[in-house]
């Protein structure tokens, strides 16, 4: 048992911890922008999958002509695809006043059906894409190396805090999610703010997907998100819709995911319990944050 706890201080566990946290952090920050503006984004998991698929496919297709530059193009493609799919959610939710939960759920369902079709059409396989020759590079010292989205995620925590609390855009964003009528009467274009926030959530969730497919692995594989979008949504609630709170919550959930991997590798607990551990803790976290106050206008269509 002592050896097990000492192993949690190893570089290997630290690397696993960081890699487990990053997709949750990027996705939760994206959800923060969307929900702070007043739009519920249940589609986060689907956005991760679309970003991961686009990142892997674009990188593979550009491997030969672009070489080491291909994964950077794949990253950009994953961001754009994530933003485009999020734009669809925004149009349905804002322009057509569709139920935001149903719209997001529909995108998640699309994310289960579209990738096999795309993979079959391009590679004649439905489960995974071929391995890319050039994945995103690893930066760091010794064994403590990570792909660029890891450093981007840390930067986004600081940038999001600054944007939310220190810029006119952040003030308008918060006003749009709390009192859209009052914000509109003061000249704020609430619709434009909401569109931009939802699209930004797709860009960040798409980046999380790119990290999973070509920043952590070298291909897209089926169910690559492993429910990360839903855990990120829980982290957003647990973090009280605040940048630093979300950061702390994703660190907790990332640690639990890394711990489940460690426990599974050591055969200390039954595999089924190990796999369920992060989700069980997520449910418990939501129970104990039942009094969390969401933005007042979140989920409410504009008049």
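Please find, among 201, 196, the residue that is part of a helix (DSSP H, G or I) and surrounded by fewer than 24 Cβ atoms within 10 Å (Cβ to Cβ).
Checking each option against the conditions leaves just 196.
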Inset, instruction - Starting from the stretch 113-128, take each residue that is more than 13 Å from residue 58 (Cα to Cα) and list its partners that are in a helix (DSSP H, G or I) and at pLDDT 95 or above, counting only C-beta distances under 6 angstrom and pairs at least six apart or across chains. - result: 115/53; 125/119; 126/116; 126/119; 126/120
Legend entry - Selected residue (only one of 73, 68 is farther than 14 Å from residue 204 by Cβ and at pLDDT below 95): 68
Inset, instruction - Assess whether residue 84 counts as being surrounded by 24 or more Cβ atoms within 10 Å (Cβ to Cβ), at pLDDT 95 or above and not in a loop (DSSP other than H, G, I, E, B). - result: no
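Table: residues versus (1) over 30 Å from residue 119 (Cα atoms); (2) buried (at least 18 other Cβ atoms within 10 Å of the Cβ); (3) over 19 Å from the mean Cα position of the chain (by Cα).
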site	(1), (2), (3)
178	yes, no, yes
184	yes, no, yes
187	yes, no, yes
208	no, yes, no
213	no, yes, no
253	yes, yes, no
259	yes, yes, yes
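If you go through the stretch 60-73 one residue at a time, do you hit one that is under 21 Å from the mean Cα position of the chain (by Cα), free of Cβ contacts under 8 Å to residues at least 24 places away in the same chain and surrounded by fewer than 24 Cβ atoms within 10 Å (Cβ to Cβ)?
yes
Looking at this structure, is residue 94 in a helix (DSSP H, G or I), closer than 20 Å to residue 177 by Cα and in contact (Cβ under 8 Å) with a residue 12 or more places away in the chain?
Details: in a helix (DSSP H, G or I): yes; closer than 20 Å to residue 177 by Cα: yes; in contact (Cβ under 8 Å) with a residue 12 or more places away in the chain: yes.
Considered against the rule, which asks whether it is in a helix (DSSP H, G or I), closer than 20 Å to residue 177 by Cα and in contact (Cβ under 8 Å) with a residue 12 or more places away in the chain, residue 94 comes out as yes.
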Legend entry - Residue check, residue 276 part of a loop (DSSP other than H, G, I, E, B), out of contact with any helix residue (DSSP H, G or I) (no Cβ under 6 Å at 6 or more places or on another chain) and modelled with pLDDT under 90: no
Inset, instruction - Starting from residues that are in contact with a helix residue (DSSP H, G or I) (Cβ under 9 Å, 6 or more places away or on another chain) and over 28 Å from residue 65 (Cα atoms), keep the ones in the stretch 133-158 and report whichever is surrounded by the most Cβ atoms within 10 Å (Cβ to Cβ). - result: 153
Legend entry - When residues of the stretch 19-59 are limited to those that are surrounded by fewer than 23 Cβ atoms within 10 Å (Cβ to Cβ) and closer than 22 Å to residue 99 by Cβ, the one nearest to the chain's Cα centre (by Cα): 42
Legend entry - Unmet criterion (only one of (1) free of Cβ contacts under 8 Å to residues at least 24 places away in the same chain; (2) in a helix (DSSP H, G or I)) for residue 230: (1)
Legend entry - residue 231, sole failed condition from (1) over 16 Å from residue 157 (Cβ atoms); (2) surrounded by fewer than 22 Cβ atoms within 10 Å (Cβ to Cβ); (3) out of contact with any strand residue (DSSP E or B) (no Cβ under 7 Å at 6 or more places or on another chain): (2)
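The values are calculated or read from the model by the stated rules, or taken from the named source; none is laboratory data. Predicted model only: the values in this text are computed from it and were never measured. Cβ coordinates were reconstructed from backbone atoms using ideal geometry, including for glycine residues, and neighbour counts include every protein chain displayed.
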